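The values are calculated or read from the model by the stated rules, or taken from the named source; none is laboratory data. For clarity, every value in this text was computed on a predicted model and none was experimentally measured. Cβ coordinates were reconstructed from backbone atoms using ideal geometry, including for glycine residues, and neighbour counts include every protein chain displayed. Note: areas computed on protein heavy atoms with side chains; ligands, DNA, RNA excluded. Shrake-Rupley method; radii C 1.70, N 1.55, O 1.52, S 1.80 Å.
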Amino acid sequence: MQLDPQDEVLLHFVGNCFGANPPKAIGIAVSGGSDSTALLHLMHQWAGGAGVTLHAVTVDHGLRDAAAGEAKSVARMCAGLGIDHSTLHWTDWDGKGNLQDQARRARYRLIAGWARERGIEMIALGHTVEDQAETFLMRLARGSGVDGLSGMATRRKSDGVTWVRPVLLQRRQDLRDYLQRHGIGWIDDPTNEDERFDRVKIRKAMQVLADLGLDAERLAGTAQDLQIARIALEHQTKEAAERIATVENGDVVLDRAQYRRLPKEISARLFSHALCRVSSAEYRPRRMALIDAEYSADIGKASTLHGCLITANKDEIRITREHQAVKDTVCPTDEIWDNRWLLIGPHETGLELRALGAAGLAECPDWRETGMLRTSLLATPAVWKKDSLIAAPLAGLGNGWRTKALFGLDHFISSIISH
């Protein structure tokens, strides 16, 4: 393709996103819409000179009859460019909940798994400035705080993959102009006009807001400013955690006196981060629920939230896993239990990991000598053979088994900073 000045600007932003030493292989999520199609062609132009091999992937959510044909169209386009292409299928939606949110989560999960299988460490996404503005407004409508309103990051790490958005600062129309200059077609998804979905309603509302000076660039700029504020708050939270937090066999323990002296925003961030780490939850609890739990801790009253049990005494606030949340969690002994625990010992057929619970703890005569609280031990992993307890290392019943925590103080502190 012959470059003109507008093409050069777009290619500059693409190349700048990956830096001077890009990975040897980069994946691209391509739906066939204008944004991802433009990104595919721009990265194809850039990759040859950068020594990068591209791999494209499309997710067929199975929600529209035309989706399979659209995925084949993307595959043909990639073949014409000499780019390897894969189509992934989402098949496990149960018909409940927020469809678009579940489809988005499934898309990221499927693509991350595809990338890890191929040793691809970086995936490019075709989000534009309009997507950023829409995300800002959707989160504003939900009452999000600084983190939510900071929008999508140009680069972040999740599920073992680095996700990058090379055209996040570009307007959708600029990408469509690029495609039209080069005679490249794209697919228009009819769901983009379906007002059953919140994002479509927001997109239409933005046409009115633009007349008031709140156009996509202004909204996206506000989100970018809030990203800067979020980073500063995260660093303050990290410093607070280094002073007042410890991790004891999966429990997060906060020095109560020092916690009460923290600025409100920092204490709330630290508290919600502890809840997420103990429960392995992706998202923070709702603001009002968090306020209620913090108040209970402040007056020394036990409460539950986010699959965690929160207790407090005059010295500490302790956040531990709630037994009720894991009582039905079962897996083979050679797998990770509750996303946090790995057990090492004589694995054999017929053994499984389950929560220790009250019945199991009653079979551990030395549990008090471990120094762990009873409420904490109830939600720890134990080795069972049907109804027979074989081992509970954290409760003092080893029997040749030991427990490895996949979550310690270093991870707790470092994970406060978004990556």
(request) Inspect region 22-34 for any residue being touching a residue at least 24 places away in the same chain (Cβ under 8 Å), open to solvent by 40 Å² or more (accessible area, probe 1.4 Å), under 17 Å from GLY126 (Cβ atoms) and out of contact with any Ser or Thr (no Cβ under 8 Å at 6 or more places or on another chain) and give the result as yes or no. (result) no
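Being assigned to a loop (DSSP other than H, G, I, E, B) and open to solvent by less than 90 Å² (accessible area, probe 1.4 Å) is the filter; apply it to region 337-356 and report the residue that is farthest from PRO393 (Cα to Cα).
Among them, the one singled out is GLY350.
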(request) Kindly list, by first and then second residue, each pair from a residue in region 380-391 that is farther than 20 Å from ASN339 by Cβ to a residue that is in a loop (DSSP other than H, G, I, E, B) and of a type in the set (A, V, I, L, M), limited to pairs with Cβ atoms under 6 Å and residues at least 6 apart or on different chains. (result) LYS385/LEU351
(request) Search region 290-304 for residues being open to solvent by less than 30 Å² (accessible area, probe 1.4 Å) and not hydroxyl-bearing (Ser, Thr, Tyr), and hand back the single one that is farthest from the chain's Cα centre (by Cα). (result) ALA297
(request) Output the number of residues of region 111-132 satisfying the condition of being surrounded by fewer than 18 Cβ atoms within 10 Å (Cβ to Cβ) and outside any loop (DSSP other than H, G, I, E, B). (result) 4
(message) Exactly one condition in (1) polar (S, T, N, Q); (2) closer than 26 Å to ALA75 by Cα; (3) open to solvent by less than 60 Å² (accessible area, probe 1.4 Å); (4) over 19 Å from the mean Cα position of the chain (by Cα) is false for THR162; which is it?
(response) (4)
(request) Confirm whether ALA38 is over 19 Å from GLU121 (Cβ atoms), small (Gly, Ala, Ser), assigned to a helix (DSSP H, G or I) and touching a residue at least 12 places away in the same chain (Cβ under 8 Å). (result) yes
(message) Please go through (1) of a type in the set (Gly, Ala, Ser); (2) at positive phi; (3) surrounded by 13 or more Cβ atoms within 10 Å (Cβ to Cβ) for ALA240 and return the number of the only condition it doesn't satisfy.
(response) (2)
